[in-house]
6 protein chains.
Amino acid sequence: MTAQTDRYPVPDINSLPGDMKDMLLEVQEKSGFVPNVFLKLARRPDEFRAFVAYHDALMLRENSLSKAEKEMIVVATSAVNGCLYCIVAHGAILRIYSKNPRLADQLAANPAKAEITPRQRAMIDFAMMVAIDSAEIADSDFEMLHEHGFTDDDAWDIGAIAAFFALSNRMANLSNMMPNEEFYLMGRVPREKKKG
Amino acid sequence: MTAQTDRYPVPDINSLPGDMKDMLLEVQEKSGFVPNVFLKLARRPDEFRAFVAYHDALMLRENSLSKAEKEMIVVATSAVNGCLYCIVAHGAILRIYSKNPRLADQLAANPAKAEITPRQRAMIDFAMMVAIDSAEIADSDFEMLHEHGFTDDDAWDIGAIAAFFALSNRMANLSNMMPNEEFYLMGRVPREKKKG
Amino acid sequence: MTAQTDRYPVPDINSLPGDMKDMLLEVQEKSGFVPNVFLKLARRPDEFRAFVAYHDALMLRENSLSKAEKEMIVVATSAVNGCLYCIVAHGAILRIYSKNPRLADQLAANPAKAEITPRQRAMIDFAMMVAIDSAEIADSDFEMLHEHGFTDDDAWDIGAIAAFFALSNRMANLSNMMPNEEFYLMGRVPREKKKG
Amino acid sequence: MTAQTDRYPVPDINSLPGDMKDMLLEVQEKSGFVPNVFLKLARRPDEFRAFVAYHDALMLRENSLSKAEKEMIVVATSAVNGCLYCIVAHGAILRIYSKNPRLADQLAANPAKAEITPRQRAMIDFAMMVAIDSAEIADSDFEMLHEHGFTDDDAWDIGAIAAFFALSNRMANLSNMMPNEEFYLMGRVPREKKKG
Amino acid sequence: MTAQTDRYPVPDINSLPGDMKDMLLEVQEKSGFVPNVFLKLARRPDEFRAFVAYHDALMLRENSLSKAEKEMIVVATSAVNGCLYCIVAHGAILRIYSKNPRLADQLAANPAKAEITPRQRAMIDFAMMVAIDSAEIADSDFEMLHEHGFTDDDAWDIGAIAAFFALSNRMANLSNMMPNEEFYLMGRVPREKKKG
Amino acid sequence: MTAQTDRYPVPDINSLPGDMKDMLLEVQEKSGFVPNVFLKLARRPDEFRAFVAYHDALMLRENSLSKAEKEMIVVATSAVNGCLYCIVAHGAILRIYSKNPRLADQLAANPAKAEITPRQRAMIDFAMMVAIDSAEIADSDFEMLHEHGFTDDDAWDIGAIAAFFALSNRMANLSNMMPNEEFYLMGRVPREKKKG
């Protein structure tokens, strides 16, 4: 049993509008399961579509952040927000992209102990500032990024991911979103074992 | 001068994609000016469109929250996030919807002193929980809402607005978004005087 | 209705000691109304007189802080203390002295976004230190002021205003002091319009 | 040596205005020394006089709080503000009034462990609310006091002492006010021993 | 690379006193590796022995807490202290004892979302109180435990584990203790697969 | 009366295991009384023995910290943890070792005002970091110590004392450990007076 009652039952996929149904079936086809974030948010189709569009605009955008680095930001900021779903689900994705099975657990526990470069640490520090105390962002925060080769446009990318997951973490906590069981193990063991 | 350098110059409206240009011109036609949030976010068209879609899904949705109540949530949660733009811009909208020229300043300063009903106070308390400490949301928070006649679906609406502005406040603080001068006075004086 | 019961009804002006009655009538004559701070505190004549004397000793003192700068300190520190009365009443006075109708709202929302000089920002930072964490005041805080041309005597003036409003804010919150309606609009519109 | 430079040398008593000089000599006559709070604040005669008047209006007022209870409030709230001077000086006075040589150290360390009655604990809890988070004072805080027989007027007295020492603590921290050596031992040993 | 320099190299096992050498070899024999906590603390033999004795007195003690429940306390309180080593190492042990491969990740991220009973939630809440704010422990905290059938002796057991890991977490953070790679995967996959 | 019920009665010394009984009688012989920490913890002999062993390993260890400096760390970190017992008992020991009757009260109230050297202030700052926010310990904290001549081994000693009292403070708060009356006055008056 869980400590918070689940108040928002997920809709039947077949009852959803066509575009959403198609998308969810495609995800299921590709991943073998439908991540709960989609099922939870699907009860509000307009919010669902905007959420997915915003997510993709930030996470699929080609920029100077690698796919793994974007997920590092998600895991570290989701941890300070106490968002179980995002830590576990994005931790899985981070393990896959980074090919480091320890990195997600490290970033969730304490970024100061994570196996990351000083440049990545600056990126995480900036993201944390946006996550925790955006009112106090100052020129010195941008300058710290510049020292590691990041531009102001990179700062926007880093900060916007932290800002988007400020929203996402709150929706997951509000809706009692639980990670799919698959995420917990994903990326921890070599591929062939998992399929075997 | 301001304490934070403005690093993200706004694009020329004429350089924007057609749909965005049309939208901004329509807003200007209707309001007499283009709110800076649109100009700041327009440098990232995909993010802009998702932001507007998400905002409208939440703020234009017909539900048991009045237009003024939705804006109360925005002002109170933006204040704890130290977001000047949202306090001033949505404070203006709240004054217009509520026809109470004091309410926005009260909610920004201290919701405990605001001229609101106990039901609205419960709504604000729940929104604050989502804004500040969503990890600790518990059944008792939902029960407090139920005592004032709110449903779980209303709780989603209240929480989702707080969550969306958690994102919006952080983007405004990151991008040094300053309120248009028009917002400061809007809704404080009777219409005819303002036009006279 | 308000969320906190008003437990301290204001006394009839005619029932007050002569010196206080004269002072309140003079204020009414000059301003057109009696600020609620005087009416609330008047139930305790000895406290009232000491409060007014202390206020005047700090706020009317001729020193290197302009009248507007003193009020900047009041608004910014009252905001971190969540004091509605002082934010609104002193926000009005700040608008009048500074002739900037946006400044009070900016300082109340987030000093980092306020239209102030670096010298004034240092002044606000020092005042905030006194307001929030005076136990940790260190030589480096004084040195920051010196870098902007402030003396140790100026530091006393800045800090003493923050300290006095630490008291004032707490009394306003305790006694459920509400701002007079007049303060909300004062200084936002040019003089002639307001009278017209 | 101390960690904070002492920037505000105390004036020569003979250089002070007559009323202040007389008062300080009287205190010295009576106590055997002049508490440093008077010497530090004396450099600003107008602030000095208002401070003393405010202090006396609250601390000498006859009401349902005993002299010892008033000092309990001072010690407990000064501790959360990290004010060495007030903890030590008012701790001495509390020991004398309460005839309990342990009480001041207990209240400074942790009110939950102090040898006080449940009524006094409620008084301290209310004072702490005013000291730490006055913006959130609610009807329930007053009701807690009522349950222990306190009136709303008592609540004012309790809160006003906490509010005044919010000011006093900040001035002591700002001005690097150090307790007179005499205070540390005062009230810890029976009178005859001290004089012997 | 890591963000914190590793300042405390581990000693050669063969250079250690006989009792410690024997113990470490026995652990290695049994587990297949020596947990880094032993290697890090071994540079201080007296502290090492007291640490192990204290740990065993609490964690091996037979009482009304199951082995899994003791580890739940360790994981949840280590998470609020940001202790990577203890989260990962004791998370592994918790997975093995509880036979629930998700539980450790849930407790580290947000106990409110963990698959635990209300009784276990009360246990965790009490442990968190000890970990975060022991000065405020009150009768009501013990009563909450009593409502779930815990005795005062159980409260000691719960609190003492939280208190011991307050020490342990700080030593791990201070000494830059990193989890052995083996811990990350332990208990996540069925035994036969891991050995296969 | 005290605010927290005392739930853990102390055992009869004669009922204790021989080694513990001998130790307590020896302490009584030497000090004239048995400090309550021993009586409270004695109900759990295994925990008692490990506690004493750990305490002695840290506090009796010969290193570059003087006996007084070790106690400074204890008093300052116990104060931030709100541990009455440790502040009063170790405050007494600090007064004796330092021969400064004011120092313990200063460190408990506000280390920034204590009569200590800059080197000792750095030591206290590092200890506070371990006590309050060990997850964020960084190379810069060690470098601050190095600037004052401390080695990494000294950093371990400083941090380990802060870590051990993180445990000790929590056990004292949990078990409602009250300081023996003797501690309050100890070290405040010259020896001959105390014995006379």
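The values are calculated or read from the model by the stated rules, or taken from the named source; none is laboratory data. Computed from a prediction, not measured in an experiment: that's the story for all the values here. Every residue, glycine as well, gets a Cβ built from its backbone with ideal geometry; the counts of neighbours run over all protein chains shown. Heads up: the accessible areas ignore ligands, DNA and RNA and are worked out on the full protein's heavy atoms, side chains in. Shrake-Rupley method; radii C 1.70, N 1.55, O 1.52, S 1.80 Å.
Structural remarks
- Gyration tensor analysis over the Cα atoms of chain C returns equivalent ellipsoid semi-axes of 29, 20, 16 Å (largest first, whole Å).
- Pairwise label distance in nanometres, residue A:30 with residue A:133, each label 7 Å out on the Cα-Cβ vector: 3.9
- With its label point defined 7 Å out from Cα along the Cα-to-Cβ axis, residue B:119 lies at 4.3, 4.3, 5.4, 5.6, 7.0 nm from the matching points of the other copies, in increasing order.
- The heavy atoms of residue D:83 offer some 0 square angstrom of accessible surface to a 1.4 angstrom probe.
- Formal net charge of residues neighbouring residue C:160 (Cβ-Cβ distance under 15 Å; K, R +1; D, E -1): -3
- Take each residue of peptide E:56-66, count the partner chain Cβ atoms within 10 Å of its Cβ, and average: the result is 2.
- Whole-percent pair-distance distribution, where bins are 10 Å wide, for the alpha carbons of segment C:37-89: 22, 44, 32, 1
- Sequentially through segment C:27-44, phi angles give Karplus couplings (6.51, -1.76, 1.60; θ = phi - 60°) of 4, 4, 4, 7, 9, x, 6, 9, x, 4, 4, 5, 5, 5, 6, 5, 5, 10 Hz, Gly and Pro residues having no value and appearing as x.
- Cα gyration tensor, the protein assembly as shown - rounded (a/c under 1.5), prolate or oblate: oblate
- Per residue, the convex hull spanned by the Cα atoms of segment B:64-133 measures out at 74 cubic angstrom.
- Taken residue by residue and averaged, Cβ atoms of other chains lying within 10 Å of the Cβ of A:43-53 number 5.
- Counting only protein chain heavy atoms and rolling a 1.4 Å probe, the accessible areas of E:77, A:5 rank, largest first, as A:5, E:77.
- Restriction of the GluC sites (Glu not before Pro) in segment A:58-113 to DSSP coil positions whose beta-carbon has at most 16 other beta-carbons within 10 angstrom yields A:62.
- Across the copies of the chain, residue A:45 has label points (7 Å from Cα along Cα→Cβ) spaced 2.7, 7.3, 7.3, 7.5, 8.0 nm apart, shortest distance listed first.
- Between the alpha-carbon centres of segment C:44-79 and segment D:13-50 there is a gap of 23 Å.
- 22 Å Cα-Cα threshold exceeded, pairs from F:40/F:67; C:67/C:99; A:40/E:113: F:40/F:67
- Backbone geometry of segment C:94-108 corresponds, through the Karplus equation with coefficients 6.51, -1.76 and 1.60 at θ = phi - 60°, to 3J(HN,Hα) couplings of 4, 4, 5, 5, 7, 6, 10, x, 9, 4, 5, 5, 5, 5, 5 Hz, x marking Gly and Pro.
- Each copy carries residue E:7; placing its label point 7 Å along the C-beta direction from Cα gives inter-copy distances of 3.2, 3.2, 3.9, 4.9, 5.1 nm, listed from smallest up.
- Normalised per residue, the accessible area of the protein assembly as shown is 38 Å², obtained with a 1.4 Å probe and no contribution from ligands, DNA or RNA.
- In terms of accessible area, using a 1.4 Å probe and ignoring ligands and nucleic acids, B:98, F:15 rank largest first as F:15, B:98.
- Computed over chain F: relative contact order in percent, which uses C-alpha pairs under 8 Å that are six or more apart: 28
- Other protein chain C-beta atoms within 10 Å of residue C-beta, averaged over F:136-148: 2.
- Ranked by solvent-accessible area (1.4 Å probe, protein heavy atoms only, all chains present), the residues E:37, B:74 order from largest to smallest as E:37, B:74.
- For the chain pair B and A, the buried solvent-accessible surface (1.4 Å probe, both sides summed) amounts to about 4100 Å².
- Inter-site label distance for residue E:119 and residue F:63 at 7 Å from Cα along Cβ, in nm: 4.3
- Alpha-carbon centroid distance for the pair segment B:137-191 / segment E:110-160, whole angstrom: 34
- Phi-based couplings in Hz for segment F:164-176 (Karplus 6.51, -1.76, 1.60; Gly and Pro marked x): 5, 7, 4, 5, 4, 4, 5, 5, 5, 5, 5, 8, 6
- Label-point separation, residue B:148 to residue C:22 (7 Å along Cα→Cβ), nm: 4.9
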